[in-house]
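The values are calculated or read from the model by the stated rules, or taken from the named source; none is laboratory data. Because the structure is a prediction, the values reported are computed rather than measured. Note that each Cβ is placed from the backbone with ideal geometry, even for glycine, and that neighbours are counted across all protein chains shown.
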2 protein chains.
Amino acid sequence: MSTGGPDLSNNRIVKLFGTRLPIIQAGMVWVSGGKLAASAANAGALGIIGAGSMKPELLKQHIEKAKSLTKKPLAVNLPLLYHGIEDQIRVCLDSGIRIFFTSAGSPKKYTPMLKANNCIVVHVTSTPELAKKCEDAGVDAVVAEGFEAGGHNGRDEITTLVLIPQVVDAVKIPVIAAGGIADGRQMAAALCLGAEGVQIGSRFAATIESSAHDNFKKAIVAATPASTMLVMKKSVPVRLLKNKFYDGVSKLEERGATAEELEQFLGKGRAKAGMLDGDMDEGELEIGQVAGMIKDIPTCKQLVDRLMAEYQHAVSRLPN
Amino acid sequence: MSTGGPDLSNNRIVKLFGTRLPIIQAGMVWVSGGKLAASAANAGALGIIGAGSMKPELLKQHIEKAKSLTKKPLAVNLPLLYHGIEDQIRVCLDSGIRIFFTSAGSPKKYTPMLKANNCIVVHVTSTPELAKKCEDAGVDAVVAEGFEAGGHNGRDEITTLVLIPQVVDAVKIPVIAAGGIADGRQMAAALCLGAEGVQIGSRFAATIESSAHDNFKKAIVAATPASTMLVMKKSVPVRLLKNKFYDGVSKLEERGATAEELEQFLGKGRAKAGMLDGDMDEGELEIGQVAGMIKDIPTCKQLVDRLMAEYQHAVSRLPN
């Protein structure tokens, strides 16, 4: 009754981040800059700047922009395999960022240093085993991301529905579910599985405030249930929206191409070309399987309000 | 309070089948004979005899056995692509079966005849589009089965978490979620997504009453989260437990083998050899991704009671 939101007094994710809601807007290359992160934060979620596609100076500008637009908690996502990671961390710390989402590398490498700097550290995992290693490395929470997620993906193809309960059973720290979450029904499902928060990427990519090119946003809205596929499995598995570039990759894989051939075909700059510059043919369009159920381009506030209304409705009709 | 079970007075699946619970024990080749179906039925679920691996005479024996062991509702699963399907249907009708789960073929072909014989018809789908076609063909409900499911699988690799809400939005008939459901948390998640029932396969394969060979049951219990993979994508996609046979398929696929080469390597009788006769090296072991979280071999009654207790616990701790 009264204000209408769910009772989150025992939810460790809102406590950890100091947010109103246990929703995390995922850090995404070329899509989640300072504007999206600040808008998500103002809507009640944790806003994350995706540093994977940013040089330190640009990252600094995005953090400053976000901080000028919100006083709410903000985080930065750092794929640990990129060059210049230590410069990125330095820029974040100097700019007052104290929440880090790390991915694509060992949680052992930077967690101690970040914890020593009084930061909150969350690492992204795709298996229960790695989640346990993250906990042992001292992270505060893990994101457990399933096969349906957009962009880079785990090798074992474990789906969110199967992954989350096993991660929850493997660790004591709170678990954030990611992959396949675009509406409040899916958020409620993730919380049934034992997750205490949800990280949402693709749905935030198709908001007004996302930096994705309009062509890309429109392509997401036009997607059907079968419009994405996980490819590049011999190199770095990645889930893409099907387009001309995807067709090329797919044909190479069908005839048993090697990782080297695939990487040569990929070349450089494909993700930027597609997602930021709007080349829908030759660009690499990283998006989750939920693209098929995204039908509009709302503001972050409209999206978050709708997610919570859908969540409440889903929970209210559950047989109890 | 009182009896403890959830209020299912508005649940269309228990009404449709006349069962106590909205749980369906999946029909599975070599695994779900009359004994398993009757035991699942006595535990409160809908028990299904998997006819895919049975000649009409054997199917008749399994139906008679099941009927001697329970007075509860029973169903038969018919993969429509197998030979002798019309003889199987005749045997079922003659033996008093009135609930049919059909799969692997067009729902248009046999639904009118079965409905004319006063039967309940449910068809298995892996996309929202096919679910709509099933509804148009006159089926009473659909099973929507995700990528994580064991055995034969859809080509679009849509996971249960992403598939169910889209199927629920596409049809008015009730939806049964399948793929990735082995405990009560996953059952609660499926109901959050809008499903009104769950079909559970792998978890029932590893029960006392399943016909799976003991070697296969033990291999399921020993499985880890990464122990299954979807293969044979150029032929008929199937999710298998990794073993020597899987390694062979995997190597062929890696070098770009054709569908013909794959089918030749598969040969005949692999599923029986593995699942019924217990050849863990050369057999084809069809199982879902949830194998990684199956840790014991309970009776059907113990399993169903536990599922419902876990369901209630998952629902009770959801923020509301």
* Asked: Does B:Leu193 satisfy the condition of being closer than 23 Å to B:Ser9 by Cβ, buried (at least 24 other Cβ atoms within 10 Å of the Cβ) and in the same structural domain as B:Asn153 (by TED's automatic domain parsing)?
  -> yes
* To do: Name the one entry in A:Ala144, A:Ala66, A:Ala116 that is modelled with pLDDT of 95 or more and in contact with a Lys or Arg (Cβ under 8 Å, 6 or more places away or on another chain).
  => A:Ala66
* Just give me the residues in segment A:234-289 being assigned to a loop (DSSP other than H, G, I, E, B), among the polar types (S, T, N, Q) and touching a helix residue (DSSP H, G or I) at 6+ places or on another chain (Cβ under 6 Å), in sequence order. => A:Ser235
* **Filter result for the condition that a residue is in contact with a strand residue (DSSP E or B) (Cβ under 6 Å, 6 or more places away or on another chain) and either among the charged types (D, E, K, R) or in contact (Cβ under 8 Å) with a residue 24 or more places away in the chain (or both), over A:Pro237, A:Pro225** => A:Pro237
* Asked: Say we look at segment A:196-217 and pick out the residues that are away from chain B (no Cβ under 14 Å) and of a type in the set (Ser, Thr, Tyr); which of these is nearest to B:Gly194 (Cα to Cα)?
  -> A:Thr207
* Residues in segment B:236-271 that are under 18 Å from the mean Cα position of the chain (by Cα), away from chain A (no Cβ under 14 Å) and either closer than 19 Å to B:Lys295 by Cα or surrounded by fewer than 19 Cβ atoms within 10 Å (Cβ to Cβ) (or both): how many? -> 1
* To do: Please verify whether segment B:73-90 includes one or more residues that are over 24 Å from B:Leu36 (Cβ atoms), surrounded by 18 or more Cβ atoms within 10 Å (Cβ to Cβ) and away from every other protein chain (no Cβ under 14 Å).
  => no
* To do: Determine if segment A:224-235 includes at least one residue that is surrounded by fewer than 21 Cβ atoms within 10 Å (Cβ to Cβ), among the aliphatic types (A, V, I, L, M), farther than 20 Å from A:Asp156 by Cα and in the same structural domain as A:Gly283 (by TED's automatic domain parsing).
  => yes
* Structure fact -> Going through segment B:1-53 in order, the residues found to be among the basic types (Lys, Arg) and part of a helix (DSSP H, G or I) are B:Arg12, B:Lys15, B:Lys35
* **Residue satisfying all of: in segment A:202-223; surrounded by fewer than 19 Cβ atoms within 10 Å (Cβ to Cβ) and within 12 Å of A:Met293 (Cα to Cα); farthest from the chain's Cα centre (by Cα) among these** => A:Ala222
* Test result for B:Thr224, part of a loop (DSSP other than H, G, I, E, B), among the hydroxyl-bearing types (Ser, Thr, Tyr) and touching a Cys at 6+ places or on another chain (Cβ under 6 Å) -> no
